[in-house]
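S.K.: Below is the structure I would like to discuss, written out as structure tokens.
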Amino acid sequence: MSLHLSKISTFCYFRILGLFSFLLLTFTIHAQEECILTGRIVDAENGEPIEFATAFIEGTTFATESNRSGDYYLKVAPGNNYILLVSRIGYKEARFNLPPLNRNSVRRIDAELIPSNSQIEIVVKESRIRDKGMIREEASSFKFLPSASGNFESILPSIALGTSGGTGGELTSQYNVRGGNYDENLVYINDFEIYRPQLIRAGQQEGLSFPNIDLMKDLSFSSGGFESRFGDKMSSVLDIRYKRPEQFKSSFQASLLGAGAHVEGSAQLGKSSYQKLRYLVGARYKTTKYLLGSLDVKGEYLPTFTDIQTYITYDLNPDWQLGFIANYNRSVYDFVPSTRSTAFGLIDFGLKLNAAYDGAEADKFTTGMAGLSLTYVPERMEKPFFLKFLLYTYGSKEREEFDIRGTYELGEIVTDLGSDEFGEVLNIIGSGAQQLFVRNQLNLQVLNFEHKGGLEWNKTNESNRAKRGRFLQWGLRGQMENVHDRINEWERLDSAGYSLPLDLSGLQVRRLIKSENELSTFRTNGYLQNTFSWTRDSLYDLQWTLGVRANYWNLNKEAILTPRTQLLYRPLAWKGSQTFKISGGLYYQPPFYRELRMPDGQLNLDLLSQKSAQILAGWTYDFNVGRAVPKKFRFITELYYKKLWDLVSYEVDNVRIQYAGLNNSRGYTTGIDLRLNGELVKDAESWINLSFLRSRESLDGIEHLRREVGETDSIVVKDVPRPTDQLFNFSMFVQDYLPGNKNFKMNMMLSVGSGQPFGVKDNNIIYRNAFRYKAYHRVDIGFTYILYDESRKDAKPNHPLRFTKQAWLSLEVFNLLQVANVASNTWIKTVYNTQYAIPNYLTSRRLNLKLRLDF
């Protein structure tokens, strides 16, 4: 099996490299010779792509049809005025007056067609500068990606700029963005901010994250330099939109890792066609027992994760819409360890840890969220505006229970490949016992009330077809937080029969934390921003957004004000479609509960916001490759710099972020991100990302040192790596299918990243983060075959799956190359106070079979 998989991997690897090299070469020499119209045609009510819609130029023979993704591509002659018509049976026709196009130019026009029986107006919009520079993607492309975690976030490193998976690897939904840890990321679903459990310390404890890909319509992602309307975090924004379905659909899927189902649809509850109830319901179940069986620590793994959520909207009338969102998520992780055997080291020096365990671990993380929204969008041709009100609550009950005692033996092993005793223990270096006792409880309740709104002005000069506009947005939010946290944990370490730290007068434990904290606070924040736009047909499109955020927290009495700005310029007369972006401002992050808690369990109630000043410059270029069958591509690059101060220093162990609870650090982050996405093969979009990063810090009042190889003395350094410092990260998501047979598809995700830094446990101050994990590299690949499609109904009227719209069977191979990536370290200390870092490896190769049915 391994030989066959290696051949597949090698074939895919060289094919992808060849395509990538061809694209880079083509990118530098390609020049378009025709005037091109392109875009996407979707249903205005549910956002679904429309296939076989006709896009044609009135009075000419220029015409084309949209594909399954709703995309169309049309060549026209330059220098003439045109009327673009978009039509399909069952929809109202859309018209768009098109000014003369320059030679060798590309114009993108997206059309939203209205069903014939609908009362809303046709919406046709020319795509110029969208989403203020945020990356926006449709969600339907990601349903069949191979994902060991089963969470949507696992694909972000493949599609988003400057994003990596961190040390938790494939078992976690956490991600790092441009030198920031996971706590520095914002996540929204239909304007509701999403929270997650606070106590999770390892990827195998994580369950299902909130975003359900079956319910998603699209997503927007910003890796930094985002607008004031988004919250007070320092790294990124993930803004997800759930569907507003128009017709009944459902799905079911099952695999070796779990199962899931969803239902969507709409019903008219009033006399008017506007009075529609639209509903989405999704349920998921996951178990990682099969994956965890490949870890070094053997035992009985009993993880069960469930998630149920719904999103419902009701149109009271054409102006008012009521929305409701709810989620129940429960993660149960029971583990009874038995033995462990881990070998590691170099070719001429190897070590092996053998351990036996008694005891068990039992963790329960239960979270719930419910929210109401009321949106007012009156029908106005001039100065349209909207008002939105949100009320939502989030609660979590988290329990950690450990009582595990392990006896270990660390020995030097024979590394001579020619020896009959290869791998056998040659010399015992250390032996002892380690006992971990934990009884931690955290109850968290968050209550939010928020109002946001917007008002738009537009003015057109008919003489020169110049357009000016302003879009004013504002928002105000109040948030109450109630926390009850109880910590009771201790660790005892024994080496060679002596308890460490060594004390002949009595038994000492290595670490003891006992505390109980109760906290009730209130914070308020708001924003005001204005977007100015200037458009001159065939010449330029310019947008300038200027905004400010304000925040006050009654706990530390800190009031902050953070201005931000974004400037985007698109020259419409240039070849291709290009956009230039400059953004920057102040991005302060007020502490949440976890930042307040110091390692001893006490709270620092005077902790201030972490602060950053950021500047970013970016360039986006849309272009086509090929003439007979042109393929669309987009190239994005962004260069950024962040100055950081009042940082709360932290260390990372697996996915657990342990804060110092002090504003004791300052530093900077700088880097460059590059992304190329498009159709390597027609109708199958792929993404390629490459990032370079440098993130450094220095602790206040500390003279940091570094040891040089071959030198006896240490040297003083100005700064040291932050825990998320990662020199480079390369990721790729590729889709392909058999030539002439789109029923058989391949999806592959490749990640390669330099190792992240870490330091010696309990002594990571002066020589801070002096070591690095080995480089992370992983390949996951999936093969999907369409068992049935409703288009075959006439040809195969007796097919056993004819009761479905589509049926898919997938074979997924996780960790194709069988790479032993490292998640964290277990530290073993000898009686002579020498510490050894024993790597905790992530999962090895595993196969997964998945069946999906769409109804």
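The values are calculated or read from the model by the stated rules, or taken from the named source; none is laboratory data. Everything quoted here is computed from the prediction, not taken from an experiment. Cβ placement follows ideal geometry from the backbone for every residue including glycine, while neighbour counts extend to all protein chains displayed. The protein model used for the area step is the full one, side chains on, heavy atoms only, and it has no ligands, DNA or RNA in it. Shrake-Rupley method; radii C 1.70, N 1.55, O 1.52, S 1.80 Å.
S.K.: When only residues in region 801-855 that are among the aromatic types (Phe, Trp, Tyr) and part of a loop (DSSP other than H, G, I, E, B) count, which is modelled with the highest pLDDT?
M.R.: Among them, the one singled out is 855.
S.K.: Could you grab me the full set of residues in region 697-716 that are farther than 15 Å from residue 665 by Cα, among the small types (Gly, Ala, Ser) and open to solvent by less than 70 Å² (accessible area, probe 1.4 Å)?
M.R.: Hit for region 697-716 is 714, nothing else.
S.K.: Still on this structure, please answer the following. So, of the residues in region 441-465 that are surrounded by 15 or more Cβ atoms within 10 Å (Cβ to Cβ) and among the small types (Gly, Ala, Ser), which turns out to be nearest to residue 197 (Cα to Cα)?
M.R.: 453
S.K.: Is at least one residue of region 790-804 among the aromatic types (Phe, Trp, Tyr) and crowded, with 18+ Cβ neighbours inside 10 Å?
M.R.: no
S.K.: Moving to a separate point now. Test each condition in (1) under 21 Å from residue 847 (Cα atoms); (2) open to solvent by less than 30 Å² (accessible area, probe 1.4 Å); (3) touching a Gly at 6+ places or on another chain (Cβ under 6 Å) for residue 776 and report the one that comes out false.
M.R.: Residue 776 satisfies every listed condition except (2).
S.K.: Quick check on my filter: what residues within region 391-422 are of a type in the set (Gly, Ala, Ser) and either within 40 Å of the chain's Cα centre (by Cα) or surrounded by 14 or more Cβ atoms within 10 Å (Cβ to Cβ) (or both)?
M.R.: If the condition is that a residue be of a type in the set (Gly, Ala, Ser) and either within 40 Å of the chain's Cα centre (by Cα) or surrounded by 14 or more Cβ atoms within 10 Å (Cβ to Cβ) (or both), then 395, 396, 406, 411 are the ones that fit.
S.K.: State all residues of region 717-751 that are out of contact with any strand residue (DSSP E or B) (no Cβ under 6 Å at 6 or more places or on another chain) and either over 22 Å from residue 660 (Cα atoms) or open to solvent by 20 Å² or more (accessible area, probe 1.4 Å) (or both); if no residue qualifies, say none.
M.R.: 718, 727, 739, 740, 741, 742
S.K.: In contact with a His (Cβ under 9 Å, 6 or more places away or on another chain), of a type outside the set (D, E, K, R) and at pLDDT 90 or above - does that describe any residue in region 396-414?
M.R.: Checked region 396-414: no residue is in contact with a His (Cβ under 9 Å, 6 or more places away or on another chain), of a type outside the set (D, E, K, R) and at pLDDT 90 or above.
S.K.: Also: Go through (1) acidic (Asp, Glu); (2) touching a strand residue (DSSP E or B) at 6+ places or on another chain (Cβ under 7 Å); (3) at pLDDT below 95 and name the single condition residue 462 misses.
M.R.: Answer for residue 462: the failing condition is (2).
S.K.: In region 628-671, which residues are open to solvent by less than 50 Å² (accessible area, probe 1.4 Å) and outside any strand (DSSP E or B)?
M.R.: Of everything in region 628-671, those that are open to solvent by less than 50 Å² (accessible area, probe 1.4 Å) and outside any strand (DSSP E or B) turn out to be 630, 654, 655.
S.K.: Could you tell me which numbered condition residue 814 fails, if it satisfies all but one of (1) touching a Phe, Trp or Tyr at 6+ places or on another chain (Cβ under 9 Å); (2) among the aromatic types (Phe, Trp, Tyr); (3) open to solvent by less than 30 Å² (accessible area, probe 1.4 Å)?
M.R.: (1)
S.K.: Restricting attention to region 605-626, and to residues there that are in a loop (DSSP other than H, G, I, E, B) and closer than 30 Å to residue 659 by Cβ, which single residue is nearest to the chain's Cα centre (by Cα)?
M.R.: 609
S.K.: Give, as residue ranges, the strands (runs of 3 or more DSSP E) completely inside region 498-604 that count at least 2 residues that are open to solvent by less than 50 Å² (accessible area, probe 1.4 Å) and polar (S, T, N, Q).
M.R.: Per the criteria, 511-536, 540-553, 558-571, 577-586.
S.K.: Regarding residue 388, is this residue modelled with pLDDT of 90 or more, open to solvent by 20 Å² or more (accessible area, probe 1.4 Å) and not aliphatic (A, V, I, L, M)?
M.R.: Answer is yes for this residue.
S.K.: Specify the residue that is most open to solvent (accessible area, probe 1.4 Å); the eligible residues are those in region 55-100 that are among the charged types (D, E, K, R) and within 21 Å of residue 682 (Cα to Cα).
M.R.: So the residue we want is 68.
S.K.: Hey, can you tell me all the residues within region 274-298 that are open to solvent by less than 40 Å² (accessible area, probe 1.4 Å) and either in contact (Cβ under 8 Å) with a residue 60 or more places away in the chain or within 19 Å of residue 841 (Cα to Cα) (or both)?
M.R.: If the condition is that a residue be open to solvent by less than 40 Å² (accessible area, probe 1.4 Å) and either in contact (Cβ under 8 Å) with a residue 60 or more places away in the chain or within 19 Å of residue 841 (Cα to Cα) (or both), then 280, 282, 284, 286, 288, 291, 292, 293, 294, 295, 297 are the ones that fit.
S.K.: Working only within region 299-333, note down all residues that are open to solvent by 60 Å² or more (accessible area, probe 1.4 Å) and in a strand (DSSP E or B).
M.R.: 300, 302, 308, 320, 322, 324, 328, 330
S.K.: While we're looking at this one, here's another question. It is to be established whether one or more residues within region 276-285 are hydroxyl-bearing (Ser, Thr, Tyr) and closer than 30 Å to residue 725 by Cα.
M.R.: Scanning region 276-285, I find no residue that is hydroxyl-bearing (Ser, Thr, Tyr) and closer than 30 Å to residue 725 by Cα, so the answer is no.
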